[in-house]
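Some notes on the structure that comes next.
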Amino acid sequence: MKKISLIILAIIISLYSLLYIHVKNVQAINIGLGIHPALVKVVIRPGKNITQVIKIDNRSTDNKTLVARLVPFTSADDFGNPNIDPRTTAPWLEYFSLANSKIQFDQPFELKAGQSDQLILSISIPAEAPLGDLYATLLVTSYATGIDNQLQGSALSATIGSNLLISVSTQGAPSTILKITDLLPEEGKYLKIGDYYFLDNITPLYFTALAKNEGEFTAETKGVFRIERNEQNPIELQSVLPQYVLAKSQRRLGTISDSKFFFTPGFSMIGPHAVRIDIRSENSNASTKIDVIFFPGKILIGIIAAIISK
Amino acid sequence: MKLQYLILFPILVFIFTIFAPNTSDADFLFSPSFNINFSTVNIGGGQLSSPSFGLGVTIGQTAQGQFGETGFIVKAGFQYIHPLDSFTFTISNLDINFGSLVPGTPSTGTTILSVTTGSAFGYAVKTIADHPLRIINGVTTIPNTTCDLATPCTITDAAVWADNARYGFGYNMAGDDVDTADFVNSTYFRPFPMQGVDTPAIVMSRPGVATDSSATSTYKVNVSGAQAAGTYQNNIQYIAIPAF
């Protein structure tokens with residue numbers, strides 16, 4: 001009886017072990033990376049140097065070998081996405097280095113599962129460096145020495161990045177030339193006569209606008225979107241989302257929830273109004289305004305239709 | 001009579017529109033996103049709030065003294081959201097194993113890409129492959145798909161690939177922050193851009209904050225009977241970059 005019990009126990013242990021090994025083998029290898037901060041903006045005088053810590057998280061279920069590198073970028077679109085070509089290089093990349101004792105650019109380093117490490121980014125601007133902006137992305141890529149010979153297919157790798165906006169300047173807030181252009185109501189929702197935009201007063205509206213930076217340094221877009229009956233009577237105020245506009249580029253203005261300004265006029269809101277955007281930041285001032293006339297267009301059309309149908 | 005009405009109403013509305021009295025002053029300011037409590041309605045300091053975020057507005061001259069003393073100013077992260085969280089990117093499965101390939105019968109594999117921007121403005125995930133699927137220790141490749149003959153696709157334009165007599169390797173995207181005007185449904189595929197030849201192609205993007213945006217990438221390979229036997233491999237890189 002005791003022998004039978006031992007055999008049953010041995011079978012159960014064997015089956016459990018087989019199941020456990022089987023499950024372990026089919027578990028997918030994943031990767032999860034985190035980076036913080038995702039954006040660093042620096043204004044630095046030539047001849048100065050600073051360090052900035054950037055934290056890397058390994059959120060994967062296993063240890064990962066990673067490689068850090070720096071690549072220049074340009075503005076890709078009106079939404080603040082960088083255009084990155086990993087093959088691109090620039091002589092000013094020599095201003096950047098890692099002050100870590102064990103981690104260097106383009107050299108693999110290991111980060112244990114669930115652990116974080118700090119990349120100590122050193123930025124050292126030579127005294128003779130030209131004034132202007134430098135845009136780079138710190139890329140951290142999962143690294144593999146080779147692909148398993150048994151794999152018939154693709155091995156995936158992950159890269160994550162943090163953007164660096166560096167202004168080399170002798171001033172803390174280097175001057176820029178920021179303009180607000182293309183402040184317009186939503187396409188198809190207005191009738192333009194002369195300089196006036198006629199808008200229906202019961203239709204929800206979007207307004208869009210662009211900030212164009214014609215200067216040599218990054219500009220910021222802190223400010224206010226407002227609709228006013230006159231300058232003393234604003235009837236709608238929305239904070240413009242503070243964003244960076246790279247030198248010689250443009251960016252779509254918006255709020256924290258959208259890349260447009262949403263507004264629903266009231267039933268009693270009739271007559272001439274102004275839609276205005278004012279930007280006031282440390283290094284850039286810009287303002288623009290359009291004149292709109294709210295009128296009960298839909299109601300008018302309804303009345304006319306009713307009269308005609310009589 | 002009707003003609004008189006037709007002329008009279010637009011004239012009255014026009015007069016009413018132009019000469020309407022001023023609307024009442026705005027002492028109750030709001031938007032879909034924020035309640036705004038400015039002490040004045042001019043540009044200046046204030047505290048903005050919404051159910052999701054607190055926003056400290058700082059407008060004016062700052063940090064000049066700091067720059068004068070130290071020669072630098074650092075702003076890490078985004079001014080408008082507290083606290084500042086990490087930008088994270090996850091791939092659920094790093095090995096896309098098609099197993100044995102059967103000529104004329106497509107094989108597929110999937111993985112899930114997930115992004116949380118934390119306090120970033122938005123993001124884009126791009127992809128690029130080191131080379132086409134290539135036989136180990138050889139030069140023979142499985143070509144990148146060009147999709148169906150009637151609906152050719154490119155590295156930036158997905159198109160229908162449903163014909164099993166069309167051979168190659170490509171991918172489909174579905175889920176959050178995927179361009180559904182391009183990847184219309186699960187039959188739409190693109191070939192991967194090639195490192196050294198092409199620039200990475202966007203597979204996910206969003207202009208605003210993303211919290212655990214997830215999309216499924218489906219890989220499809222279909223070989224002809226003339227394809228040399230062997231194990232074919234490549235490396236596909238996904239690059240997740242926050243907006244600035």
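The charge dipole of chain A, taken about its Cα centre with unit charges on the Cβ of Lys, Arg, Asp and Glu (plus for the first two, minus for the last two), comes to roughly 900 debye. Segment residue A:115..residue A:307, full-extension length gain: 61.7 nm, with 0.36 nm per residue of separation and the alpha-carbon distance subtracted. Using Cα atoms only, what is the angle between the long axis of helix A:297-309 and the major principal axis of chain A, expressed in degrees (0 to 90) to the nearest 10? Compared with the principal axis, the helix lies near 60 degrees. Rounded to whole numbers, the Karplus 3J(HN,Hα) couplings from phi for segment A:95-108 are 5, 10, 7, 9, 8, 5, 6, 10, 10, 10, 4, 6, 10, x Hz, using 6.51 cos²θ - 1.76 cosθ + 1.60 with θ = phi - 60°, and x at Gly and Pro. Under 5 Å between amide hydrogens, built in the peptide plane, is the criterion, and for residue A:76 it picks out A:81, A:83 among residues at least 5 positions away or on other chains. For segment B:88-242, the Cβ-based charge dipole about the Cα centre amounts to some 240 debye (Lys, Arg positive; Asp, Glu negative; other atoms uncharged). Evaluating 6.51 cos²θ - 1.76 cosθ + 1.60 at θ = phi - 60° for every residue in segment A:272-286, the Karplus couplings come out as x, 9, 10, 10, 9, 10, 10, 10, 9, 10, 4, 10, 8, 10, 7 Hz, glycine and proline recorded as x. Its residue count N fixes a reference of 2.2 N^0.38 Å for segment B:88-242, and the Cα radius of gyration divided by that reference is 1.04. Where in segment B:137-156 does the amide nitrogen come within less than 12 Å of the point 7 Å from the Cα of residue B:184, taken along Cα to Cβ? Of the residues in segment B:137-156, B:151-152 have backbone N under 12 Å from the label point off residue B:184.
What you get for segment A:28-172, charging only the Cβ of Lys and Arg (+1) and of Asp and Glu (-1), is a dipole of about 340 debye around the Cα centre. Eigen-decomposition of the gyration tensor built on the alpha-carbon atoms of segment A:161-243 gives equivalent ellipsoid semi-axes of 33, 15, 13 angstrom, largest listed first. Run the paramagnetic zone check for residue B:163: 7 angstrom along Cα to Cβ, then residues of segment B:97-118 with backbone nitrogen under 16 Å. Backbone N within reach: B:104-106.
Residues B:86, A:101, A:175, ranked from the fewest to the most other C-beta atoms within 10 Å, line up as A:101, A:175, B:86. Each of B:102, A:240 has some number of other Cβ atoms within 10 Å of its Cβ, and from fewest to most they run B:102, A:240.
In this structure, the pairs whose alpha-carbon distance is over 28 Å, taken from A:55/A:248; A:192/A:212; A:248/B:75, are A:55/A:248. Note that segment B:94-100 has calculated 3J(HN,Hα) couplings of 8, 10, 9, 9, 7, x, 6 Hz, one per residue in order, obtained from phi through the Karplus relation 6.51 cos²θ - 1.76 cosθ + 1.60 (θ = phi - 60°); glycine and proline are x.
Just so you know, all these numbers are worked out from the coordinates, no wet-lab data involved. Because the structure is a prediction, the values reported are computed rather than measured. Neighbour counts are summed over all protein chains in view; Cβ atoms, including those assigned to glycine, are modelled from backbone coordinates with ideal geometry.
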